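Report on the following structure.
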Amino acid sequence: MNIILFGPPGAGKGTQAEKLVAERGMVQLSTGNMLRAAIAAETPLGLEAKEIIDAGELVPDTVMIQMIDEAMDSDTVAKGVILDGFPRTLAQAEALDDMLAGRGLALDNVIEIKVDEAVLFGRIESRAEQTGGSRSDDNAEVLQQRLKVYHDNTAPLLPYYREKQILKQVDGMQQIEAVSRQINEVLDS
Ligand code: ADP
């Protein structure tokens, strides 16, 4: 099974992806984590990405598409992938369709984790506290821009997937365990 966890920054995509990895043995492909690893390793890509991420903007589609294409090796796709943070634009979504089709695979579910925007600022603030500020994009100012980018570029993917009849929604305002139960219900239905 291949799924996308979809939602604005702070919706809980990473948290839920990790639970699915532990419970179902699927593989999480988090573009945010991959980019942060590239930054930490000071690769050329990391150096280029850092400024973009710190400004709350999107890394170019070609870079992101190649990153996911390379990550989807045969071992990974055999376990089923959880896409977390990708696709974020229509071009990425179309490229994903091609990548999966080229491997004889399909997208089973796109799960939108719905949350009220007002809580996102609080969540990002507490994440910044918990992680000791290790994410330089986790502050109110950059979050504002990340949300704008989400609305402008990423939210338009919702109708794209609704049309394909694979869009499902869960209530991301619940406790982590309750959200997780809802996601598992979707995956088992
Ligand atoms: P969030 O908590 O905002 O969902 P992520 O950890 O997924 O954050 O991503 C952090 C940043 O990395 C994004 O704000 C963006 O700059 C960059 N990024 C991650 N995934 C993508 C992508 N698919 N396309 C373009 N940029 C991306």
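Shown in residue order for the stretch 67-72 are the 3J(HN,Hα) couplings computed by the Karplus curve 6.51 cos²θ - 1.76 cosθ + 1.60 at θ = phi - 60°: 4, 6, 4, 5, 6, 8 Hz (x for Gly and Pro). The gain in end-to-end length when the Q66 to N184 segment is fully stretched comes to 39.5 nm, 0.36 nm per residue minus the alpha carbon separation.
How large is the Kirkwood hydrodynamic radius of the stretch 114-165, counting all unique pairs of alpha carbons, in Å?
Numbers: mean 1/r = 0.0807 Å⁻¹.
For the stretch 114-165, inverting the mean 1/r across all distinct Cα pairs yields 12.4 Å.
Measure up K13/K79; K50/K148; K19/K148; K19/K50; K79/K164 against 26 Å on the Cα-Cα distance and list the ones that go over.
Details: K13/K79 19 Å; K50/K148 19 Å; K19/K148 28 Å; K19/K50 28 Å; K79/K164 23 Å.
Too far apart for the 26 Å limit: K19/K148; K19/K50.
Please sort by residue number the trypsin sites (Lys or Arg not before Pro) in the stretch 52-114 whose DSSP state is loop and whose Cβ has at most 16 other Cβ atoms within 10 Å.
On the way: sites: K79, R88, R103, K114; in loops: R88, R103.
Here the trypsin sites (Lys or Arg not before Pro) that fit, given the DSSP loop and packing criteria, are R103.
To the nearest Å, what is the center-to-center distance of the stretch 32-47 and the stretch 122-154, using C-alpha atoms only? The two parts, judged by their Cα centres, are 18 Å apart. For the chain, the Kirkwood hydrodynamic radius comes to 16.9 Å, computed from all pairs of different C-alpha atoms. For I4, the amide hydrogen comes within under 5 Å of the amide hydrogens of L83, N109, V110, I111, counting only partners 5 or more places away or on other chains and with H modelled in the peptide plane.
Taking other residues whose beta carbon is less than 13 angstrom from the beta carbon of V77, and scoring Lys, Arg as +1 and Asp, Glu as -1, yields -3. Modelled spin-label separation between D171 and N139, with each label point placed 7 Å from Cα along the Cα-to-Cβ direction: 3.6 nm. Taken over the stretch 89-189, the convex hull of the Cα atoms encloses 135 Å³ per residue.
Just so you know, all these numbers are worked out from the coordinates, no wet-lab data involved. These numbers were taken from a predicted model, which means no experiment stands behind them. Positions of Cβ are backbone-derived with ideal geometry, glycine not excepted, and every protein chain shown enters the neighbour counts.
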